[in-house]
Amino acid sequence: MEIPYIVTARQDTGLWNAKIAIWLFIASEVMLFGGLFSAYVFLRIGADPSHWPHGLLNVPVGTLNTAILITSSITAVLAWASLKMREFSKYKFYMGLTILCGATFLTIKLAYEYPQKFQHFGVFIKQESLIKYEPYLGNAYLATKGLPQRVEITGHLHNKSALTDPDAKEYEIALDALNADPTNPEFDRPRFIQKPVTEKIISIEKEDVEYASVFAPRHSSFFAIYFTITGLHALHVIGGLIVFIYFWLPCGANLYKKDPEHLSNRVEVSCLYWHFVDLVWIFVFPVFYLL
């Protein structure tokens, strides 16, 4: 018995089964990511401004990844259009480009951006000790601008043993440029700094520290929701790539020989999913990287 409406459209909806299913699935995904973005909004509104990080994400890399995903959406549509025109070789080319773009996005995210976070280090200073580290916090300068005070000093931790050694009395940190020069006109507009200012290594006594951590989910509410949303998004990218690779390999060629329109329909619904994944990232980029 053959399953009906795999290729031909249903009379009541004008759509075949897979297209109805993907729209229902995308609707559930909207609710999933909508809930997570709503959680971000409430966390952001309720956060102490001095404890909410700014400028700690790599905007140029985020911009590059955004361009890569947008390009992948274009190549995915071209792959589908090639199938509709029965140009299988062009389909293979454009689908290969789509897979390459998705894999590049994941490589940048998982192998470059995430490791950077785990190499970076932040120290939250106790309220009573802020004046002691004023040269690196610049709160007097920020006060003249009407901006929230800073309580965190960021950089690269030199004595990593201090994290676990109870006898270590201080953290030795190579400062980010963010904290190195409060007199810089750009000080109140922090940007992500890839390299620490290695000539400025300061010692922060543990007794002055409220909390210290690498930029992992436990660091702050910001990084907790950042890793949750971007990690879930990365899983969706992986899922999309698995489907694309399946249709790109001989499995797709065999289906094309049997029924070209069937493969075309499957690629179309896969592209709809991929466009949704790209759309989620278009929300992620400004919310986390720019605001």
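Each reported figure results from applying straightforward, stated rules to the coordinates on display, with no laboratory input. Here the structure is a predicted model, which means the values were calculated and not measured. Ideal geometry is used to build each Cβ from the backbone, glycine not excepted, and the neighbour counts take in all protein chains shown.
Structure data summary
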{"quantity": "Correct choice for volume of the Cα convex hull per residue in Å³ that was computed from the model, options (i) 149; (ii) 166; (iii) 176", "calculated": "(ii)"}
{"quantity": "Nearest-ten-degree value, helix 17-46 long axis tilted from longest Cα axis of the chain", "calculated": "10 degrees"}
{"quantity": "Residue pairs, from the table 109/257; 109/145; 117/206; 92/117; 90/258; 90/117, whose Cα atoms sit over 30 Å apart", "calculated": "109/257; 109/145; 92/117; 90/117"}
{"quantity": "Exposure proxy ranking, count of Cβ atoms within 10 Å, fewest first, for 176, 48, 167", "calculated": "167, 48, 176"}
{"quantity": "Residue-averaged [θ]222 nm for the chain, counting only DSSP H segments that reach four residues, each worth -39500 (n - 2.57)", "calculated": "-18000 deg cm²/dmol"}
{"quantity": "Electrostatic dipole magnitude of the chain [Cβ: Lys, Arg +1; Asp, Glu -1; Cα centre; debye, to 20]", "calculated": "1120 debye"}
{"quantity": "5 angstrom amide H check on residue 159, placed H, neighbours 5+ away", "calculated": "172"}
{"quantity": "Angle between the chain longest axis and helix 59-84 axis [Cα atoms, degrees, rounded to 10]", "calculated": "0 degrees"}
{"quantity": "Set of lysines with alpha-carbon distance to residue 19 below 19 Å, sequence-local pairs under 8 removed", "calculated": "84"}
{"quantity": "Neighbour-count ranking [beta-carbon atoms within 10 angstrom, fewest first] of 24, 110", "calculated": "24, 110"}
{"quantity": "Residue-wise HN-Hα coupling along segment 147-153, computed from phi with Karplus coefficients 6.51, -1.76, 1.60 (Hz; x: Gly, Pro)", "calculated": "9, x, 6, 9, 10, 10, 10"}
